[in-house]
Amino acid sequence: GAYVSPAMMAEQYSMLPVADVSGASYSFSSRGPTPDGFMPSLCAPGGAIAPVPRHALQGKAQYHGTSMSSPNACGVAACVLSALKQAGLSVGPIELRRALENSARPIESEPFAQGAGLINAPAALAYALEHHGKPAQDLPFALSVPSRGGARGIYLRDAAELQGPLTFGVLVQPLFEHAATRTAAEV
């Protein structure tokens, strides 16, 4: 999701001082859950970004929302990967995602728009450095809800589903990579 900080909010949208406004997710930013239960996993700053190419002839334009926070999050991920490479470590996409999500800072905003929270490059780097090499750091999982046609999550918005308690089974499958050969210690 796209996050706007109190300073950005006061500068761009409010006539109130910074102390009187709070950060929030943009009202038009992506939210979850989708009909199959998927939600944003992180949020990133997504306001007053000026990535306008010269050919657009709009040099003073600023854009807001998920379309701006997504490239911001990718840039943070690239910086974390670069710092890890400089430290001599190579991490895969699962380990990077785990570091980004587990180090995100929860914000006082709508939970369906922020996922784990606001992306935090220094904390993600520290998490990756601390946990690299631990068992299962790079182990992906497949999550599904079998009673919902294998959906990625649970989407409860229909009035009939909100009448009382419901029980769902969630299938969590670790996706192990199996070696073609085994060492003597593994046998």
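The values are calculated or read from the model by the stated rules, or taken from the named source; none is laboratory data. Since we're looking at a predicted model, the values are computed, not measured. Glycine gets a Cβ as well: all are built from the backbone with ideal geometry, and neighbour counts include every protein chain shown. We work out accessible area using only protein heavy atoms, side chains counted, and drop any ligands, DNA or RNA first. Shrake-Rupley method; radii C 1.70, N 1.55, O 1.52, S 1.80 Å.
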Notebook entry, point to check: In segment 1-41, what count of residues is obtained for those that are open to solvent by less than 30 Å² (accessible area, probe 1.4 Å) and either aromatic (F, W, Y) or touching a helix residue (DSSP H, G or I) at 6+ places or on another chain (Cβ under 6 Å) (or both)?
Noted result: 10
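Considering every residue within segment 49-65, establish whether at least one is modelled with pLDDT under 85, buried (at least 19 other Cβ atoms within 10 Å of the Cβ) and under 15 Å from the mean Cα position of the chain (by Cα).
First, pick out the residues of segment 49-65 that are modelled with pLDDT under 85: 49-65.
Now narrow it down to the ones that are buried (at least 19 other Cβ atoms within 10 Å of the Cβ): 64-65.
Pick out the ones that are also under 15 Å from the mean Cα position of the chain (by Cα) and you get 65.
Looking through segment 49-65, at least one residue is modelled with pLDDT under 85, buried (at least 19 other Cβ atoms within 10 Å of the Cβ) and under 15 Å from the mean Cα position of the chain (by Cα).
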Note to self: From the list A184, A160, A99, A142, exactly one residue is without any contact (Cβ under 8 Å) to a residue 60 or more places away in the chain and touching a helix residue (DSSP H, G or I) at 6+ places or on another chain (Cβ under 6 Å). Which is it?
What the structure shows: A99
Next item on the list: Please specify each residue of segment 75-96 satisfying the condition of being free of Cβ contacts under 8 Å to residues at least 12 places away in the same chain and open to solvent by less than 90 Å² (accessible area, probe 1.4 Å).
Entry: G75, A78, S82, G88
